[in-house]
Amino acid sequence: MAKATGKSITAEAQTLDLLRHLLVIELWRGGLSQDQIRKRLGISMNTVNAMLKGVSRTIKQEVPN
């Protein structure tokens, strides 16, 4: 994730952060544990936890009326 260091964040860095975040969510929903995700992507457990905060493991499907 991007840290507030006073430096401007490039569009490429923002894109990479977004793709990494989406990948973490998809891997988690696909059944991998947080530790497995951490190892595969080479990121800290704190980063994985922060990315998954508030995200449910299952996708809610809307029931048609």
For the chain, averaging the sequence separation of alpha carbon pairs under 8 Å that lie six or more residues apart and dividing by its residue count, the contact order in percent is 28 percent
Magnitude of the Cβ-charge dipole of the chain, K/R +1 and D/E -1, about the Cα centre, nearest 20 debye? 200 debye
What does the extension gain come out to for Ser44 and Gln61, with contour length at 0.36 nm per residue minus their alpha carbon separation? 3.0 nm
To the nearest 500 deg cm²/dmol, what mean residue ellipticity at 222 nm is calculated for the chain from DSSP H runs of n ≥ 4 alone, each contributing -39,500 (n - 2.57), summed and divided by the residues? -16500 deg cm²/dmol
How far apart, in nm, are the 7 Å Cα→Cβ label points at Lys53 and Ala11? 3.0 nm
Net charge near Trp28: determine it from the other residues with C-beta under 12 Å of the C-beta of Trp28, scoring Lys and Arg +1 and Asp and Glu -1. +3
With θ set to phi - 60° and the Karplus curve 6.51 cos²θ - 1.76 cosθ + 1.60, what are the ³J(HN,Hα) couplings of segment 55-65 in order, to the nearest whole Hz, using x for Gly and Pro? 9, 7, 6, 10, 8, 6, 9, 6, 8, x, 7
Mind listing the phi-derived Karplus ³J(HN,Hα) values for segment 22-29, rounded to whole Hz, using 6.51, -1.76 and 1.60 with θ = phi - 60°, and x for any glycine or proline? 5, 5, 4, 5, 5, 5, 5, 5
Based solely on C-alpha atoms, express the radius of gyration and the Dmax of the chain in angstrom. 14.2, 49
Of Leu27, Ile43, Pro64, which is farthest on the positive side of the dipole of the chain, counting Cα position, with +1 on Lys and Arg Cβ, -1 on Asp and Glu Cβ, and the Cα centre as origin? Ile43
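FYI, it's all coordinate maths here, none of it is from the lab. Owing to the predicted nature of the structure, the values given are computational and were not obtained by experimental measurement. Glycine also receives a Cβ, built like all others from the backbone with ideal geometry; neighbour counts cover every protein chain displayed.
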